[in-house]
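The next block holds one structure in the form of structure tokens; read it before the comments.
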Amino acid sequence: MLGLGMQEVLVIALIVLLLFGGKKIPELMKGLGKGVKSFKEGMKDITDEELEKKNADE
């Protein structure tokens with residue numbers, strides 16, 4: 001995972017927990033999930049448009 005060991009991941013998780021608190025983390029993860037979903041849908045739309053354009057050219 002990006003060249004990070006288990007100790008580094010735990011330290012980063014601890015820092016995030018201290019900065020945002022336990023109640024804010026689920027909200028952050030929910031927002032992150034929505035962002036990833038939106039990104040994937042956008043990439044799918046671009047791929048679909050490219051396929052339509054390719055089929056129209058043929």
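The values are calculated or read from the model by the stated rules, or taken from the named source; none is laboratory data. Quick caveat, the model's predicted, so the values are computed rather than measured. All accessible areas refer to the heavy atoms of the entire protein, side chains included, with ligands and DNA or RNA removed. Shrake-Rupley method; radii C 1.70, N 1.55, O 1.52, S 1.80 Å.
List of remarks:
- Counting only alpha carbon atoms, the long axis of helix 24-57 and the longest principal axis of the chain meet at about 20°.
- Taking every protein chain into account, the accessible area of region 1-53 amounts to 94 square angstrom per residue (probe 1.4 Å).
- Pairs of Lys residues in the chain that lie 8 or more places apart, or on two chains, and have C-alpha atoms under 27 angstrom apart add up to 14.
- Derived from the Cα gyration tensor, the three semi-axes of the equivalent ellipsoid of the chain are 39, 16, 5 Å, largest first.
- Folded to 0 to 90 degrees: helix 6-20 orientation relative to the chain principal axis, Cα: 80 degrees
- Taking the protein heavy atoms of the chain in the context of the full set of protein chains, the accessible area attributed to carbon and sulfur is 66 percent at 1.4 Å.
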